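Participant: First, the structure itself, so that you have it in front of you.
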Amino acid sequence: MKMRFLYLLFAFSLIISCTDEDDNNNVINGPSALDFVSESPDHTILLQALERTRLDESLETSNNLTIFAPNDNAFRQFLAANNFGSVNSIPEDLLTLVLQYHIQNEVKTTDQLGSQYFKTLATVDNDQLDVFVSKDEEDNLRLNNEADVILADEIVSNGVIHVIDDVLDIPSVVTLIAANPDFDLLEESLRQEGLAVTLDDLEDASAPFTVFAPSDAGFQAFIDEDEEDGFEDSDDVLELDNLDDILLYHVLGDNALRLEDFEDGSTIGPLGDGTFLLATSSGFTIADENDRITTIVTTNITAFNGVIHSLDNILLPE
């Protein structure tokens, strides 16, 4: 796993303490999360990282935590892949951000986790980064299509620990799109048109991005919209000559436009040609240049280099 943002430390907005003052009884008597890590023979490197960043104090005193804890083998792979001799070689701010990305401030056991995005304690510009947790029919958990939970539901006095077999990378917008099977067609489109490389680059000059992301259901809605347009299936969409222009029409550059920034009637200029109109008076919708109305379904899916909002259809430039 390649750490792609070592030179962006100045951009980090970090939470050093993960204290949750709201004790809603999601705790039990017994060893704390820090006790679990300290006593585990498979988490010696995680313990070193926690002590170096002083996050060990939070794992001892904070309540209602969910911790995805990389084991020693996961950390050894992470250090080798990024040419770090030890956790002491990682810039402290960066290490803090990475560790916080493995912590949530709400207790989530396997039964409470589903295939969806969850907010973590890692932040960028005070906005919490998301992680996508998928769960299969046998309750196996996987994070960002990157790390598997190999030991779940270790209950501690101040939360729950799930042991994972990889250290999670800080996500790009492509990371979070690719992790969600509801965006399979969008991911395929972005990779086919060569746009995934740009949107995956945490240091690209056009970042931060806002991606208005049609779901697979949105692709299907577009296919079904007009019986006479010749679109029979997703392959017909992927074969469009102007697919790259259509995709760029869904992306804003140099602007992470979040839900709280939406203004009714505002005209939005994406990276692609044209503009579209944002409406908030009755739900959140977009009118494209063909006066087609598309609904924004999910908002503020947050990556390090931007934000994603899911759509129920495809936007079309003129």
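The values are calculated or read from the model by the stated rules, or taken from the named source; none is laboratory data. Everything numeric here is computed off the predicted structure, so don't read it as measured data. Using ideal geometry, Cβ is built from the backbone for each residue, glycine included, and neighbour counts are taken over all protein chains shown.
Participant: Report, ordered by the first and then the second residue, all pairs with beta carbons closer than 8 Å, sequence separation of six or more or different chains, a first member in region 137-164 that is closer than 17 Å to residue 43 by Cβ and outside the structural domain of residue 99 (by TED's automatic domain parsing), and a second member that is modelled with pLDDT under 95 and surrounded by fewer than 22 Cβ atoms within 10 Å (Cβ to Cβ).
Facilitator: Within 8 Å, no pair qualifies.
Participant: Looking only at helices (runs of 4 or more DSSP H) that fall completely inside region 35-131, which ones have 1 or more residues that are under 16 Å from residue 169 (Cα atoms)?
Facilitator: The helices (runs of 4 or more DSSP H) meeting that bar are 44-53, 72-81, 92-100.
Participant: Here are some conditions: (1) modelled with pLDDT of 95 or more; (2) assigned by TED's automatic domain parsing to the domain that holds residue 236. Residue 203 meets all but one. Which one does it not meet?
Facilitator: (1)
Participant: Search region 54-79 for residues that are touching a residue at least 24 places away in the same chain (Cβ under 8 Å) and pair each with any residue that is among the basic types (Lys, Arg) when their beta-carbon atoms are under 7 Å apart and the residues are at least 6 apart or on different chains.
Facilitator: Sorted first by the residue in region 54-79, then by its partner, the pairs are 66/108.
Participant: For region 192-226: of the residues being of a type in the set (Phe, Trp, Tyr) and under 16 Å from residue 255 (Cβ atoms), which is surrounded by the most Cβ atoms within 10 Å (Cβ to Cβ)?
Facilitator: 209
Participant: Just to be sure I understand, how many residues within region 142-154 are closer than 19 Å to residue 78 by Cβ and assigned to a strand (DSSP E or B)?
Facilitator: 7
Participant: Return the only residue of 129, 97, 185, 113 being touching a Phe, Trp or Tyr at 6+ places or on another chain (Cβ under 9 Å) and more than 30 Å from residue 244 (Cβ to Cβ).
Facilitator: On inspection, the qualifying residue turns out to be 97.
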